[in-house]
1. Which of the trypsin sites (Lys or Arg not before Pro) across the range A:102-134 are loop residues per DSSP, with 14 or fewer other Cβ within 10 Å?
2. Give me the net charge for the shell around A:ASP29: Cβ to Cβ below 12 angstrom, other residues only, Lys and Arg +1, Asp and Glu -1.
3. Which values of log₁₀ I(q)/I(0), to two decimal places, follow from the Debye formula for the range B:8-155 at q = 0.09, 0.11, 0.12, 0.21 Å⁻¹ with a uniform point scatterer at every Cα?
4. For A:ARG103, project a label point 7 Å along Cα to C-beta. Then give me every residue of the range B:150-169 with its amide nitrogen under 13 Å of that point.
5. For q = 0.10, 0.17, 0.23, 0.25 Å⁻¹, what log10 I(q)/I(0) does the range A:71-167 give under the Debye formula with an equal point scatterer on each alpha carbon and no solvent?
6. Counting other Cβ atoms within 10 Å of each Cβ, which trypsin sites (Lys or Arg not before Pro) in the range B:8-95 have at most 13 and sit in a DSSP loop?
7. For the range B:59-76 and the range A:8-78, write down the distance between their C-alpha centroids in whole Å.
8. Which FRET efficiency, nearest 0.05, do B:ARG205 and B:ASP36 yield, Cβ-Cβ r, R0 45 Å?
Amino acid sequence: MVHPRPDINASVLLLRDGLASLLQHLRDDGYLVVGPTVRDGAIVHDQLRGIEDLPVGVGDEQAPGRYRLRRRADQALFGYAVGPQSHKREFFPPSIRLFQLRRGAGGPVLTPEPPIDRKLALIGVRSCELQAIAVQDRVFVGGHHVDADYASRRRGVFVVAVNCGEPSGTCFCASMGTGPRASGGFDLALTELLSGGPHRFVVEVGSAAGADLLARVEHAPASEADHAAASAVTAAATANMGRHMDTRDIKSLFYANQEHPRWAQVAERCLGCTNCTLVCPTCFCSTTVDTTDLAGATATRERRWDSCFTLDHSYVHGGSVRPSLRARYRQWLTHKLASWIDQYGTSGCVGCGRCITWCPVGIDITEEAAALRADVPVA
Amino acid sequence: MPRKRRPKLAVWKFASCDGCQLTLLDCEDELLAIADALQIAYFREATSADVGGPYEVSLVEGSITTADDAERIRRVRAVSRSLVTIGACATAGGIQALRNFRDHAEMLRVVYARPDYIDSLTTSTAIAEHVPVDFELRGCPIDKRQLLEVLSAYLHGRRPAIASHSTCVECKMRGTVCVMVAHGTPCMGPVTHAGCGALCPSYIRGCYGCYGPAEAPNTAALARGFVQMGVSEGGVRRYFHTFNANAGPFRQEGLSHGD
Ligand code: SF4
Ligand code: SF4
Ligand code: SF4
């Protein structure tokens, strides 16, 4: 059945069934449909068979070092804030093989890895997440050296974004200018409406591919009231951010405070466990690992996630450049919030709050940054 | 075709449960490749037979708990080009090192009907406290993939690709939901050496610390976290004093919490 094809940038209304058939069309078109689902007490990303796999009626509560799911009073499909995994594992997987070398008669034979060939659709992508993907795009494909693996995973991804309605206690995208409403980088962006009518979604069309898909799904024009309700969702989310980051002169704040006593204090609490960096959707550090088989016939090079919190990460001849936790914590925060701006033109932080929630001891980067500001030592 | 010279491998046992050396036999799929690459010249469980040698690589399991063993490990070292210790007993003293914190004579009385038959040292200590060790492979028991990696590395003269960061790295790479944060379950992962692939959290259990202290662990900060989660002082001590009780940072942290 053909429905009117909406214009790019237009908004239409979709019911719950419409969303279900939208996902079905993506699957029929050969997409691997990945989105939020409940597993082991959290909302993680996995392959979706249909909307029944979404976290129906599930919300979350987040605080520094604490995450709990909760049952909602409604049947919301997207009534939660970001979980432990970002979409970075889709494009920058925890470990990949870069190549293999085999001993051949005429010398070593190199087998490169084939490029990734898949059609991926991401469902429920939040604004902070889209901004994080844009940050990683700059890192992996935006410069002179294009990461071929990242590029092949990233190509042709279909994105269904969701504008946040209920930020968590650790969210602060509003103060980073990265949310809660998706401003681009999507094919379709949904705002879920749970009251004032049936369970429905205002859908903003972001691309021709998005418009084409909608033309195959039953939808209706969005009314003035629906538009107003969608704006109210964003306004409420903006007003309910759990945290705030003051970004004024943030680069000079960090550069001027490298010897601030706060670094030693946070180092007393920090475990150096790496969780903050591994959950961060923009952190991109990796290490290369070379191994051989027992026979010595094959050598393999892998790329694995690494973190500025490991000693090996800054190991150069004779030792680690940042042997103390103080130095390692300072490196993470200074790069993320200050020197990233010099390097890539934006902050390395999109305010998703994951590093706060998933720090086992609840270290809060907004609090650490504020401490530098509140208590500038006399030189 | 003449058979290539295969380096000689020896496997030695000291005070231990045999679990780590059995990991070698557990390498079913790889056993042929191992036997092809290495001559397994000495591998008998529970023996004090002649040392022989020399050996290119010696794998040593178990801790030093008797005066005889303290002597025997020197002989093993003397005939081994590379000496690799395997498992928590050999690298930290094992669970039997719990006696290091108690009255040895009293423990003998409690455990044995005839304590006078027992001739043991008052402590259980790691091999590296007695002789120089080339590489320590951690775990209780060790991980099979890591053992194969260490053997391959020694065979081909390279550094083993064994990371010494926290277990959390493996946990996050695996995509496991953190049990500390999402369930309020105390977990030793943040201070524990990686190697197992973060097995326990993947079954929604806290890490037990089988692989001993990670590089530069902040044990005090984790212990404070455990107390905030409601763990008693004695409970904190027991988290740190298990298979790796005598490994420096775990020993110290455990001792700073009451029984
Ligand atoms: S630094 Fe923390 S809040 Fe900012 S993007 Fe990374 S994980 Fe999210
Ligand atoms: S800030 Fe938290 S998550 Fe990050 S390394 Fe320190 S303890 Fe781990
Ligand atoms: S479950 Fe344990 S090992 Fe895994 S991230 Fe949490 S604290 Fe670390």
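1. Here the sparse-neighbourhood loop sites are A:ARG118, A:LYS119.
2. Values: positive: A:ARG27, A:LYS119, A:ARG216; negative: A:ASP28, A:ASP212.
So the environment of A:ASP29 carries a net charge of +1.
3. So the normalised log intensities work out to -0.28, -0.41, -0.49, -1.30.
4. Under cut-off, by backbone N: B:155-157.
5. Once normalised to I(0) and log-transformed, intensities are -0.41, -0.86, -1.24, -1.36.
6. On the way: sites: B:LYS8, B:LYS13, B:ARG44, B:ARG72, B:ARG74, B:ARG75, B:ARG77, B:ARG81; in loops: B:ARG44.
When the trypsin sites (Lys or Arg not before Pro) of the range B:8-95 are filtered for loop state and at most 13 Cβ neighbours within 10 Å, B:ARG44 remain.
7. The range B:59-76 and the range A:8-78 have Cα centres separated by 59 Å.
8. Details: r = 38 Å, r/R0 = 0.85.
Rounded to the nearest 0.05, the efficiency is 0.75.
Laboratory data are not the source of any read-out in this text; all were calculated from the coordinates shown. All of these numbers come straight from a predicted model, not from anything done at the bench. Cβ: placed from backbone, ideal geometry, glycine included. Neighbour counts: every protein chain shown.
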